[in-house]
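What follows is a set of notes on a single structure, which appears directly below.
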Amino acid sequence: MCLCAIAPGLSGEGQGVNQNSPVAGSGGGGLLLAVLCGTLALTANATPYWVAYEGNDFPENEGWERASYGPPPTRYIEDGALVIDSLADLRTADFYYQRLAIDPDPGERFVATWRLLVSETIQPFDVAITIFSDDAWAAAFKLNETTIESVFEDDVGTSFAPGEFHTFEFASDDMRNYELRVDGAPAFEGTFWQGVVESEVNWGDSAQGAASLSKWDYFRFGVVPEPSCLGLMLGTLLLSAKSREV
C-alpha cells in the first residue's frame, strides 16, 4: 500500500487564503512515497491566515489542488459534506492539497481541524492527513472507522466510536512538536519527522492498495495567536482601559 499524499513532487500553488483569520507506518507494510511573548511582539510578528473548506462544493472548485491516481473514485456532495467512495478499486487515491507558507511566528500557533466520518475501509488504513512545515518537517495521520494513528511514529494514536462524525484538531507552536485532540478532548502528543516536501497541507483518500468510504464535513487550517499570548494581549488592553477610567 502506497500513501501517495506523502509523496514528493506534487505541483501547484495553493489558492483561496483568507487573511482575515477568525481569532479564537501504514498497515500492510507498503512503501511510504509521500510522509516569552507580549502585546508588542504579537503585533509585530502576527500574520494570521485561515483556509477553510466547508464541504459545499468539490475542493478543486474552492481553491484546492486535486491529486488523483488510478481509477477515479465516486464523489458527491451530501448534506453539506464531501463523500469520497473508492471501494470499487484498490488502485484509487484521491486527495487535495494547498501549498503556501504555513509556519507560525513567535506568539502564534498553527492549527488544522477537520470533521470526518470514515464509514468503511478495505485494508487497515486509506484516509490520511499530512502537514509539511516550511522547512520540510512532517506530521501525518492515517484513519479508519475507529482509529487515528501517526504515520511516522510507533504506537502514537487513539481510538474513537465507529459510525459517527468526529472532530479532530491538530496544533503546533513550533512545527516540531504537536498535540492532537479528538472531539475536544486531548488525545495524544507527538513529534514531526524530517520529510522532503515543504509548505503543504493535504487530506483525503491518500493510499493506493487500500480503499474507503469517507465523508468530510470540513477541513480548515491556519495560524492564530497562541492562547497564552492572546490572553496576555486582552489582559493588557483591559488594564489599559481601566487605567484610563481612573
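The values are calculated or read from the model by the stated rules, or taken from the named source; none is laboratory data. Being a predicted model, the structure only gives us computed values, none of them experimental. Counting neighbours? That spans all protein chains shown, and the Cβs are built from the backbone with ideal geometry, glycine included.
Which fully enclosed strands (runs of 3 or more DSSP E) of the stretch 90-146 have 2 or more residues being among the polar types (S, T, N, Q)? Give the steps one after another, and end with the answer.
On the way: elements: 93-99, 108-122, 127-132, 137-143.
The qualifying strands (runs of 3 or more DSSP E) are 108-122.
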Fill in: Contacts under 7 angstrom Cβ, first residue in the stretch 153-177 being over 19 Å from residue 137 (Cβ atoms), partner assigned to a strand (DSSP E or B) and of a type in the set (Phe, Trp, Tyr), 6 or more apart
157/188; 158/188; 168/114
Discussion item. Any residue that is modelled with pLDDT of 95 or more, more than 30 Å from residue 56 (Cα to Cα) and either charged (D, E, K, R) or not in a strand (DSSP E or B) (or both) - is there at least one of those in the stretch 176-188?
Written reply: yes
Item to complete: Residue by residue through the stretch 201-210, note down the ones that are crowded, with 24+ Cβ neighbours inside 10 Å and either among the aromatic types (Phe, Trp, Tyr) or more than 12 Å from the chain's Cα centre (by Cα) (or both).
Response: 203, 205, 206, 207, 210
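Please find, among 149, 179, the residue that is on the phi < 0 side of the Ramachandran plot and buried (at least 22 other Cβ atoms within 10 Å of the Cβ).
Values: 179 fails: buried (at least 22 other Cβ atoms within 10 Å of the Cβ).
Matching residue, one of 149, 179: 149.
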Fill in: Output for the stretch 77-89, where each listed residue is crowded, with 16+ Cβ neighbours inside 10 Å, touching an Asp or Glu at 6+ places or on another chain (Cβ under 8 Å) and in a strand (DSSP E or B)
81, 84
Discussion item. Based on this model, can you work out whether residue 45 counts as modelled with pLDDT under 50, surrounded by 15 or more Cβ atoms within 10 Å (Cβ to Cβ) and not aromatic (Phe, Trp, Tyr)?
Written reply: yes
Worksheet item: Right, residue 94: over 20 Å from residue 173 (Cα atoms), modelled with pLDDT of 55 or more, surrounded by fewer than 17 Cβ atoms within 10 Å (Cβ to Cβ) and out of contact with any helix residue (DSSP H, G or I) (no Cβ under 6 Å at 6 or more places or on another chain) or not?
Response: no
Response to the item:
Of (1) assigned to a loop (DSSP other than H, G, I, E, B); (2) closer than 19 Å to residue 97 by Cβ, residue 163 fails just (2)
